[in-house]
Each structure stands twice: as C-alpha cells, then as structure tokens.
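In what follows, a structure is listed as structure tokens, so that the remarks can point back to it.
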Amino acid sequence: MIKLVVFTCLVTNILFAQEENKIVTYNYGKNGLELIVKQDDGTTILISTYNSRPAIKDEIALHVLEYFDEKKPSSGSKIKVEAATAVVDGTIKIVYKDKLTAIDFYYESVNWFKKRITEVYVDPQSIK
C-alpha cells in the first residue's frame, strides 16, 4: 500500500511540475510605424517598433506611449513593457523636432507567459 501511495505521489509531481522557461533567440521581427497620436497642444507623437513580434506589436506600442507619458524616460533608456501575454524588454530612443516627437522602441527580449519561452533578439549581422 505504501508503494502505491509513493508511486502515485511521484507520478502526480512529475505530471504537474512546471516547465522550465526556455530561452531561444530570433533574428527577425517586424519594423515599422505603429501609432500616430495628435495631442491637444498640437504636437504629434510617432511610435515605431523594431524587431517586434507581430502578435503583440500594437499592444506594446500603446504601452510604450503610456510609459512615455507617465515616466518621461530619456533617450537610450532600457525599459520594460508588459502586455497581456508577454513582458518586453527593450531600448527607447526619442527624437524631438519642433512639434513632432518620434519614439522608437527596439525589442531586446520577449518573455511569453503561457508559452514559458523567452525570445532574445540577436542581430542577424552579428551571426556569421
């Protein structure tokens, strides 16, 4: 009887054990203008993403805009943006010109919640 209980506990632990988060690299992604926002004061904000994952690019662009409005980061800052399905780490670059603000967000890693995968961007020119 004890062997049966121990065997049942062992099998249950194996079946319900959490998977370890896998780290994979990618060297492709979508680059482009995702969002144009005209503000009441006449300024226009352009949000572009680079090396992005198509499934979350629009949501991340909105969160980058929120982050910019709330925290006022400096250009070149490393930031973390959370979407419904993933957390994205990246670098934000900001250029001001008259009444235009261009915000470029470069994906560096994407940690997917349900897939238990972290995708890390690797520049394809560095792979040789």
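The values are calculated or read from the model by the stated rules, or taken from the named source; none is laboratory data. All of these numbers come straight from a predicted model, not from anything done at the bench. When we count neighbours, we look across all protein chains shown, and the Cβ atoms used for this are built from the backbone with ideal geometry, even at glycine. SASA here: full protein model, heavy atoms, side chains in, ligands and nucleic acids out. Shrake-Rupley method; radii C 1.70, N 1.55, O 1.52, S 1.80 Å.
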Percent relative contact order for the chain, counting Cα pairs under 8 Å at least six residues apart, stands at 26
In debye to the nearest 20, the charge dipole size for the range 38-100, taken about the Cα centre with +1 at each Lys and Arg Cβ and -1 at each Asp and Glu Cβ, equals 320
Residue-normalised value, i.e. accessible area per residue, for the chain at 1.4 Å probe, in Å², stands at 68
Which of 30/57; 30/114; 71/99; 22/57; 72/97 exceed 18 Å between C-alpha atoms? The answer is 30/114; 71/99; 22/57
With +1 at each Lys and Arg Cβ and -1 at each Asp and Glu Cβ, the charge dipole magnitude of the chain around its Cα centre, to the nearest 20 debye, comes out at 440
Share of accessible surface on carbon and sulfur in the range 47-88, whole %, 1.4 Å probe and ligands ignored, is 50
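Once you charge only the Cβ atoms, +1 for Lys and Arg and -1 for Asp and Glu, what is the size of the charge dipole of the range 72-128 about its Cα centre, to the nearest 20 debye?
Result for the range 72-128 is approximately 100 debye, rounded to the nearest 20.
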Sorting 102, 120, 1 by the position of each Cα along the dipole of the chain (Lys, Arg +1; Asp, Glu -1; all at Cβ), the one nearest the positive end of that ordering is 1
Packing-ranked peptide list from 76-82, 116-122, highest mean Cβ count within 10 angstrom first, is 116-122, 76-82
